[in-house]
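A short write-up of the structure that comes next.
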Amino acid sequence: MVQVIEKALLFIILLRLLSGSVEITAAMFMLKFNDLEKAFYINTLLALVGPVILIVTTGIGLIGLAEKISMTRIVCLFAGIFLILFSLNSK
C-alpha cells in the first residue's frame, strides 16, 4: 500500500532537509577553515537562513491548514512568529 503525502507536508519536509544540509555544510566549513573569525561570519549567515526557513515552512503549513484553522489561531501563530523573530533581534 502506497501512502500519499500532502504537497504542503512534502514541501515542509524538503525545506527542513535543505535547512539541515545547509547547517551541516556550514559546520564542515567552520571545521575546515579552523578560524574563529570565519566561523563567526558563517554563523552570521546561518542566522539569516533559520528565520527564513521558519517563516516559509510556517506559511506553507498555514496555507495547507487554512480551511481547518480559525482566523484567531492563524493570527496567534503569526504573532508568535513575530515575537520569536523580535526576540532574536532584541538586545
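The values are calculated or read from the model by the stated rules, or taken from the named source; none is laboratory data. On a predicted model such as this, the values are computed, not experimentally measured, just so you know. Here Cβ is always computed from backbone atoms with ideal geometry, including for glycine, and neighbour counts include all displayed protein chains. Accessible surface is based on the protein model in full, side chains and every heavy atom, while ligands, DNA and RNA are left aside. Shrake-Rupley method; radii C 1.70, N 1.55, O 1.52, S 1.80 Å.
Tabulated data
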{"item": "Residue within the range 4-14 that is more than 22 Å from Leu65 (Cβ to Cβ) and small (Gly, Ala, Ser) present", "result": "no"}
{"item": "Flag for Ile60 being in contact with a Phe, Trp or Tyr (Cβ under 9 Å, 6 or more places away or on another chain) and surrounded by 12 or more Cβ atoms within 10 Å (Cβ to Cβ)", "result": "yes"}
{"item": "Top-ranked residue of the range 10-24 - restricted to ones that are open to solvent by less than 90 Å² (accessible area, probe 1.4 Å) and touching a residue at least 40 places away in the same chain (Cβ under 8 Å), ranked as farthest from Pro51 (Cα to Cα)", "result": "Ile12"}
{"item": "Search result, residues across the range 72-81 that are open to solvent by 40 Å² or more (accessible area, probe 1.4 Å) and either among the polar types (S, T, N, Q) or at pLDDT 85 or above (or both)", "result": "Thr72, Arg73, Val75, Cys76, Ala79"}
